[in-house]
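Written out below as structure tokens is the structure these notes cover.
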Amino acid sequence: MTKKRELRRILVVTALVLACSDPSGTDGRIATVDGLLARICELASRCAGISATPDDVAACPSGLRSELSQDQLQELEGFTSYAKAQQDRILECIGRTICGRFGGGLSSISDSDIMEPYRGCLTSA
């Protein structure tokens, strides 16, 4: 009976740990370049004068990816290694600096509209 009780405790603790843990294993950090691009698209969609539908926001990351060179994508990959607090500071900065860089819709964002704010925010974060 004691072994059954101990096994039950282990199963309950394991279930609780799994239920409470972050499934991505990143403690809330953005773990992929695509995740970063999606967040940038979300921030850009909030800029004054930009009207973006949910479909526009959903299509934006793949559009951005196609604008970026392999070297730029590798540079953005470095973002995924930063602690969540640093990622948050960089994203907050990008949210302030990306607005006014492009006009029209999200599809008009260029690679420089992403990389210049990213690099500037990276040095200030």
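Taking 7 Å steps out from each Cα toward its Cβ at residue 74 and residue 124 produces label points 2.8 nm apart. Computed from label points 7 Å out along Cα-Cβ, the spacing between residue 88 and residue 42 is 1.4 nm.
What does the charge add up to near residue 79, with Lys and Arg as +1, Asp and Glu as -1, over the other residues with Cβ less than 13 Å from its Cβ? Walk me through the numbers before you get to the answer.
Values: positive: 29, 39, 84, 89, 119; negative: 34, 75, 77, 88.
Once all neighbours under 13 Å are counted, the net charge is +1.
Spacing of the modelled spin labels on residue 81 and residue 115, each 7 Å from Cα toward Cβ, amounts to 1.9 nm.
Around residue 69, under 10 Å between beta carbons, what's the net of Lys plus Arg minus Asp minus Glu among the other residues? Write down the numbers at each step before the final one.
Details: positive: none; negative: 67, 71, 75, 111.
So the environment of residue 69 carries a net charge of -4.
Rule-based calculations on the coordinates, nothing more; no lab input. Because the structure is a prediction, the values reported are computed rather than measured. Quick reminder, even Gly has a Cβ in these numbers, built from the backbone with ideal geometry, and neighbours come from all protein chains shown.
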